[in-house]
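Down below is the structure, laid out as structure tokens.
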Amino acid sequence: MTTPRPRIPVRAALLPISTDHSTPPLRRTRVWLRGTLAAWCLSRHEPDLSLIATELVTNALTHASGPVTVSLRCDRTRLRLAVTDTGDGQPRLLDGDEESTCGRGMLIVNALCDQWGSTRHGTTKTVWRVRRQLPAAPAPRSQDPVASAMG
């Protein structure tokens, strides 16, 4: 007899970004993301997601005008981070040379996720990335040589 898997609810959170807020947009995004992932018991994903969110929000603030929204959605198998803006441009991977001071951001995003893309919805564009959730890390083994020898 197999034990049924616990049902993990779909969770979603939304953060509207404005540049007239007292906290800088990138810092506000990282704080929101850290708090949301902690509340969902998914803090292990925070370092990579913070880097990706920073890159996508920076691109939206640099290349688009109008409102920017960050969303995070989690189900049993995937985490989806998306940034929506009103920009016309599409993200693309560039071959940044060693002297270039910009243009490597989507290479970083590509390296840190399982899948990413961009979708247009009328006057807005959503750049998204998906990462499969990895199982929780096992508890660390005891480094006590006596306990190791006995167990």
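Matching residues to (1) open to solvent by less than 80 Å² (accessible area, probe 1.4 Å); (2) modelled with pLDDT of 75 or more; (3) more than 24 Å from Pro24 (Cα to Cα):
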position	(1), (2), (3)
Glu55	yes, yes, no
Val68	yes, yes, no
Asp75	yes, yes, yes
Val83	yes, yes, no
Val109	yes, no, no
Seminar exercise, completed: Within the range 15-53, the count of residues that are surrounded by fewer than 17 Cβ atoms within 10 Å (Cβ to Cβ), at pLDDT 90 or above and of a type in the set (S, T, N, Q) comes to 1
For this session: Could you list, in sequence order, all residues of the range 57-66 that are assigned to a helix (DSSP H, G or I) and either basic (Lys, Arg) or crowded, with 16+ Cβ neighbours inside 10 Å (or both)?
Result: Val57, Thr58, Asn59, Ala60, Leu61
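The values are calculated or read from the model by the stated rules, or taken from the named source; none is laboratory data. Bear in mind the structure is a predicted one, so any value in this text is a computation, not a measurement. Virtual Cβ from ideal backbone geometry, glycine too; neighbours counted across all protein chains shown. Remember, those area values only see protein heavy atoms, side chains included, never the ligands or the DNA or RNA. Shrake-Rupley method; radii C 1.70, N 1.55, O 1.52, S 1.80 Å.
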